[in-house]
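Mind having a look at this structure? Questions to follow.
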Amino acid sequence: MRTLAPTGSVCIVDDDEQVRRFLVEVFTSVGLKIDAFACGEHFIREWRPAGAACVLLDLRMPRLTGSEVHDWLRAEHPEVPVIFLTGFADVPTAVSAMRLGAFDFLEKPFNTQHLIERAQDALRAFAQRASGEREVLDGIVAGRRNKTIASELGISERTVETHRANIMQKSSTHSVAELVALVLARSSAH
């Protein structure tokens, strides 16, 4: 069974103009929306994810490094998968990036088809996580306990806890009562 191609946007953060232009052309050709930034500072200042997204992030950039941009993303947009791109790969750096939550780590020059597939995998992962969070949120609003939500969705209780923590962080709420009140207020406003 073939899965549908994911939709969403790919964001490229790379100080090499030739790499940026090439990647914009590649991802545009497969029907994905593209944002491209020449440095981490511009990316942090201007980029706002809208829907499913993944970030292709050059590890070595002047001023603000890929690792520093990744730290910002983990704090501000932890749901967005990051694929590191580097021309200077070494095993400790790759291991460190993966431990920090990177989706993948690819060395330049990379296989274009493999890069497209990994970006599509990242977009699918983003969409699945968002869908899972929505289902968990529905369970929370309905007053169900984590164990019950996990059983109903066929996932582990730990996964429910992770989704719940992500939901609380994104909504800036500190209790289930506050979260439910926020959801109910938003649904009555529509």
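Mind checking which pairs have a first residue in the stretch 143-157 that is closer than 15 Å to SER131 by Cα and in the same structural domain as SER175 (by TED's automatic domain parsing) and a second that is at pLDDT below 85 and surrounded by fewer than 15 Cβ atoms within 10 Å (Cβ to Cβ), Cβ under 8 Å, 6 or more apart or different chains?
Listed by first residue and then by second, the contacts come to ALA150/SER156.
Continuing with this model, one more query. Among the listed residues LEU64, LEU85, LEU57, which satisfies the condition of being modelled with pLDDT of 85 or more, more than 19 Å from SER9 (Cα to Cα) and either in contact with an Asp or Glu (Cβ under 7 Å, 6 or more places away or on another chain) or not in a helix (DSSP H, G or I) (or both)? Spell out the reasoning first.
Working: LEU85 fails: more than 19 Å from SER9 (Cα to Cα); LEU57 fails: more than 19 Å from SER9 (Cα to Cα).
After ruling out the rest, the residue left standing is LEU64.
Does the stretch 42-57 contain any residue that is in contact (Cβ under 8 Å) with a residue 60 or more places away in the chain and not small (Gly, Ala, Ser)?
Here is the first cut: in the stretch 42-57, the ones in contact (Cβ under 8 Å) with a residue 60 or more places away in the chain are 52-54, 56.
Okay, now just the ones that are also not small (Gly, Ala, Ser), so 54, 56.
Yes, the stretch 42-57 has at least one match.
Looking at LEU137, is it under 19 Å from PRO81 (Cβ atoms), at pLDDT 85 or above and more than 15 Å from the chain's Cα centre (by Cα)? First the steps, then the outcome.
On the way: under 19 Å from PRO81 (Cβ atoms): no; at pLDDT 85 or above: yes; more than 15 Å from the chain's Cα centre (by Cα): yes.
So LEU137 fails the test.
What's the number of the condition PHE103 fails, among (1) within 30 Å of GLY154 (Cα to Cα); (2) aromatic (Phe, Trp, Tyr); (3) surrounded by fewer than 15 Cβ atoms within 10 Å (Cβ to Cβ)?
(3)
Which one of the conditions (1) without any contact (Cβ under 8 Å) to a residue 40 or more places away in the chain; (2) surrounded by 11 or more Cβ atoms within 10 Å (Cβ to Cβ); (3) not in a helix (DSSP H, G or I) does VAL80 fail to meet, given that it meets all the rest?
Condition not satisfied by VAL80: (1).
When you scan the stretch 15-22, do you find a residue that is in a loop (DSSP other than H, G, I, E, B) and in contact (Cβ under 8 Å) with a residue 24 or more places away in the chain, even just one?
Quick first cut of the stretch 15-22, residues in a loop (DSSP other than H, G, I, E, B) only: 15-16.
Next, only the ones that are in contact (Cβ under 8 Å) with a residue 24 or more places away in the chain stay: 15-16.
Yes: the stretch 15-22 contains one or more residues that are in a loop (DSSP other than H, G, I, E, B) and in contact (Cβ under 8 Å) with a residue 24 or more places away in the chain.
A follow-up question, please. Return the total of residues in the stretch 144-164 being in a loop (DSSP other than H, G, I, E, B) and modelled with pLDDT under 90. Quick ask: steps written out before the conclusion?
At the first step, the residues of the stretch 144-164 found to be in a loop (DSSP other than H, G, I, E, B) are 144-145, 154-156.
Within this subset, residues satisfying the condition of being modelled with pLDDT under 90 are 154-156.
Number of matching residues: 3.
What are the pairs with Cβ atoms under 8 angstrom where one residue, in the stretch 158-171, is assigned by TED's automatic domain parsing to the domain that holds ARG145 and of a type in the set (Lys, Arg) and the other, located anywhere, is assigned to a helix (DSSP H, G or I) and crowded, with 16+ Cβ neighbours inside 10 Å? Sequence gap at least six, or different chains.
Hits for this filter: ARG164/VAL136; ARG164/ILE140; ARG164/ASN146.
Go through the stretch 46-62 and report how many residues are over 19 Å from ALA97 (Cα atoms) and either over 15 Å from the mean Cα position of the chain (by Cα) or of a type in the set (Asp, Glu) (or both).
The number of residues fulfilling the criteria is 1.
Just to be sure, is LEU123 in contact with a Gly (Cβ under 6 Å, 6 or more places away or on another chain), buried (at least 17 other Cβ atoms within 10 Å of the Cβ) and not in a loop (DSSP other than H, G, I, E, B)? First the steps, then the outcome.
Values: in contact with a Gly (Cβ under 6 Å, 6 or more places away or on another chain): yes; buried (at least 17 other Cβ atoms within 10 Å of the Cβ): yes; not in a loop (DSSP other than H, G, I, E, B): yes.
In short, yes.
Could you go through the stretch 165-182 and let me know if any residue there is more than 17 Å from GLU79 (Cβ to Cβ), β-branched (Val, Ile, Thr), in a helix (DSSP H, G or I) and touching a helix residue (DSSP H, G or I) at 6+ places or on another chain (Cβ under 8 Å).
The answer is yes; a qualifying residue exists.
Could I ask something else about it? Please specify each residue of the stretch 88-116 satisfying the condition of being touching a residue at least 12 places away in the same chain (Cβ under 8 Å), acidic (Asp, Glu) and in a loop (DSSP other than H, G, I, E, B).
Answer for the stretch 88-116, where residues must be touching a residue at least 12 places away in the same chain (Cβ under 8 Å), acidic (Asp, Glu) and in a loop (DSSP other than H, G, I, E, B): there is none.
The values are calculated or read from the model by the stated rules, or taken from the named source; none is laboratory data. Given the structure is predicted, the values throughout are model-derived calculations rather than measurements. All Cβ positions, even for glycine, are placed from backbone atoms using ideal geometry, and neighbour counts span all protein chains on display.
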